[in-house]
Amino acid sequence: MAVYSTASLMLLLLLVFLNVTSGCGGGHGQGSGNNGGHGQGSGHGQVCGTTTAAPVSSQTPIHIVVTNSVTSGPSKTYSTFVSFRGILIGGMRRLQEADNTFTFTYTEDPNYGPFLQSVNGLHGNFSQETYWMLQVKLANGTTITPNVGIGCYIPNANDEIIFKYTSYASHP
Ligand code: B12
């Protein structure tokens with residue numbers, strides 16, 4: 001009887017412990033899951049300490065359009081995905097591994113992270129004042145120029161990520 005009571009108590013304590021520690025930094029989607037709450041600026045960890053069931057991690061589908069405003073050559077469109085609230089460069093790496101027609105290189109800036117240097121073999125060139133601009137056509141049709149680079153931008157579901165080879169004149 002005493003053994004049964006001790007076992008019950010330990011089980012109860014274990015359940016309480018699991019409940020308290022769930023929700024923070026577990027690597028699973030938080031909040032409403034399935035792309036809910038995407039977009040720049042929405043913080044994470046909103047549900048820390050709550051007892052809501054952890055939703056299944058989701059993949060956020062995106063399209064990548066490679067275009068050239070200097071030569072006005074043909075654009076090319078790819079599809080890939082980022083992890084739930086994952087950064088753009090993660091989807092780019094995934095795409096590069098899966099599709100050998102998409103390649104990119106970057107340099108690491110000490111203050112701002114990865115600077116997109118080349119896409120599909122075409123390099124931005126400071127002396128010619130060209131670079132790869134990052135733009136995003138949102139699902140509602142609006143095109144924005146993010147004020148962060150590929151290492152910081154967190155895509156929304158169905159974002160059309162536009163890498164536009166362009167000249168400095170277009171810098172925001
Ligand atoms: C000039 C400039 C550029 C030039 C840099 C080339 C050149 N030779 O001058 C160009 C036009 C290429 C550029 C591009 C972009 N830029 Co810019 N740029 C600036 C600006 C106005 C001045 C930088 C500078 O000369 N500093 C002085 C030198 C001595 O310091 P430095 O550390 O050596 O500067 C280098 C870095 O700043 C780097 N750099 C410039 N922009 C960016 C952006 C990113 C993401 C990275 C990793 C590095 C980087 O290039 C500079 C020269 O080598 C700053 C704003 C500011 N007032 O600081 C924005 C700034 C740095 N850029 C910014 C952004 C967002 C971009 C873009 C991502 C915009 C876009 N959506 O396409 C792109 C980069 C895209 C890519 N290919 O990865 C943001 C970065 C914020 C952040 N937290 O990430 C800033 C702060 C402006 C802003 N909107 O707030 N940029």
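Summary of values
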read-out: For Asn68, distant residues with modelled amide H under 5 Å away; value: Gly73, Tyr165
read-out: Positive-end residue of Ser83, Ala139, Thr166, charge dipole of the stretch 76-172 with Cβ unit charges; value: Ala139
read-out: P(r) weight above 19 Å for the stretch 59-170, C-alpha pairs, percent; value: 41
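Where a number appears in this text, it was derived from the coordinates with a stated rule and is not lab data. The model shown is predicted, which means the values in this text are computed figures rather than measured ones. Here Cβ is always computed from backbone atoms with ideal geometry, including for glycine, and neighbour counts include all displayed protein chains.
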